[in-house]
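Since the structure comes first, as structure tokens, the remarks are kept for the end.
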Amino acid sequence: MRKQIVVANWKMNNSPTQSSQLCSLILSKMRPTDKEVIIAPSYLYLNSVVATTQNSIIKVAAQNCHQEISGAYTGEVSASMLADLGLDYVILGHSERRYYYGEDNSLLAKKVSSALSQGLKVIYCCGETLDQRISGAHLDRITKQLTEGLFHLPAKAMKNIVIGYEPIWAVGTGITATSAQAQEMHAHIRSALSDKYGADVAHDTSILYGGSCTPSNAKELFAQKDVDGGLIGGASLNADDFLAIVNA
Ligand code: PGA
């Protein structure tokens, strides 16, 4: 049975104090829930968020990792370092990583394998540009991102994969995909999973929506049959907004 998951992607935001305050606030205000709640702070605050959330239901994710386990890669952080910190997840393939840092599907395939080899679960993101959607290429674009970045994995690895669908035109723009657009794409992703791995894997894989998800639109988005939760950027920087989305 797939899980319902909400991820707070703090991106490159918050000071050390703000990070620990936000984390403590989320913990203290969170009602008991059967959803999985994940916080993805900057690398710098991973340690303190792991410490603060220990023995709680909150899990911690990194926002990226390097494809190699160790070596002369100045400024980089490996999956083994993240696993040593006690993290559960790493986000890979976020549209901002793809766009600003030129991360392509073949690099992401290596990162995915590296993360899984260290026992991390992966939140693999995919999404299309506005041009691709307008030209009708959006479904194919997502299939390509899945095929090239993820479908090298054997079926048994898929239990450690969560997929994040993030239409690039909706990320940080205040424009949200309609629930029908989200449902169409999530169903498309599930069908691609089914074609590749069979119906059971497709059924059991959580597919999250990301892109200007807020307390006011989360309920409708999450009510869609194939939407299993959200990747929340801007609205995750406020504890009340984030928790309203978790409760949605
Ligand atoms: P946003 O970001 O909620 O600010 O649009 C979503 C994401 O990038 O995870």
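Please specify each residue of the range 90-107 satisfying the condition of being open to solvent by less than 30 Å² (accessible area, probe 1.4 Å), farther than 20 Å from Ile5 by Cβ and within 16 Å of the ligand (Cβ to nearest atom).
Narrowing the range 90-107 to residues open to solvent by less than 30 Å² (accessible area, probe 1.4 Å): 90-95, 103, 105.
Imposing the further condition that a residue be farther than 20 Å from Ile5 by Cβ reduces the set to 103, 105.
Result: Glu103, single match.
Just one of (1) surrounded by 17 or more Cβ atoms within 10 Å (Cβ to Cβ); (2) within 13 Å of the ligand (Cβ to nearest atom); (3) assigned to a loop (DSSP other than H, G, I, E, B); (4) not acidic (Asp, Glu) trips up Thr173, so point out which.
(1)
Just checking, which of Ser20, Ser70, Ser42 is modelled with pLDDT of 95 or more and more than 18 Å from the chain's Cα centre (by Cα)?
Exactly one of Ser20, Ser70, Ser42 is modelled with pLDDT of 95 or more and more than 18 Å from the chain's Cα centre (by Cα), namely Ser70.
Could you tell me whether any residue of the range 144-157 is free of Cβ contacts under 8 Å to residues at least 12 places away in the same chain, more than 16 Å from the ligand (Cβ to nearest atom), open to solvent by less than 70 Å² (accessible area, probe 1.4 Å) and not in a helix (DSSP H, G or I)?
Yes, the conditions are met somewhere in the range 144-157.
Here are Gly233, Gly210: which of them is within 13 Å of the ligand (Cβ to nearest atom), out of contact with any Ser or Thr (no Cβ under 6 Å at 6 or more places or on another chain), at pLDDT 95 or above and open to solvent by less than 10 Å² (accessible area, probe 1.4 Å)?
Result: Gly210 is the single residue among Gly233, Gly210 that is within 13 Å of the ligand (Cβ to nearest atom), out of contact with any Ser or Thr (no Cβ under 6 Å at 6 or more places or on another chain), at pLDDT 95 or above and open to solvent by less than 10 Å² (accessible area, probe 1.4 Å).
With open to solvent by less than 20 Å² (accessible area, probe 1.4 Å) and either of a type in the set (D, E, K, R) or in contact (Cβ under 8 Å) with a residue 24 or more places away in the chain (or both) as the only criterion, which of Leu87, Leu44, Leu116, Leu25 stands out? Give the derivation first.
Details: Leu44 fails: open to solvent by less than 20 Å² (accessible area, probe 1.4 Å); Leu116 fails: open to solvent by less than 20 Å² (accessible area, probe 1.4 Å); Leu25 fails: open to solvent by less than 20 Å² (accessible area, probe 1.4 Å).
Step by step, each of Leu87, Leu44, Leu116, Leu25 is checked, and only Leu87 is open to solvent by less than 20 Å² (accessible area, probe 1.4 Å) and either of a type in the set (D, E, K, R) or in contact (Cβ under 8 Å) with a residue 24 or more places away in the chain (or both).
If you take the residues in the range 1-21 that are more than 17 Å from Val122 (Cα to Cα) and away from the ligand (no atom under 15 Å from the Cβ), which one is surrounded by the fewest Cβ atoms within 10 Å (Cβ to Cβ)?
Across the range 1-21, the extreme among qualifying residues is Met1.
Among the candidates Glu36, Glu76, which residue alone is of a type outside the set (Gly, Ala, Ser) and in contact with a His (Cβ under 7 Å, 6 or more places away or on another chain)?
Answer to the check: Glu76.
In the range 66-84, how many are open to solvent by less than 70 Å² (accessible area, probe 1.4 Å) and in a helix (DSSP H, G or I)?
Taking the range 66-84 and keeping what is open to solvent by less than 70 Å² (accessible area, probe 1.4 Å), we get 66-67, 69, 71, 77-80, 82-83.
From the residues that got through so far, the ones that are in a helix (DSSP H, G or I) too are 79-80, 82-83.
Residues meeting the conditions: 4.
The values are calculated or read from the model by the stated rules, or taken from the named source; none is laboratory data. All values reported here derive from a predicted model rather than from experimental measurement. All Cβ positions, even for glycine, are placed from backbone atoms using ideal geometry, and neighbour counts span all protein chains on display. Note: accessible area is taken over every heavy atom of the protein model, side chains too, but ligands, DNA and RNA are not part of it. Shrake-Rupley method; radii C 1.70, N 1.55, O 1.52, S 1.80 Å.
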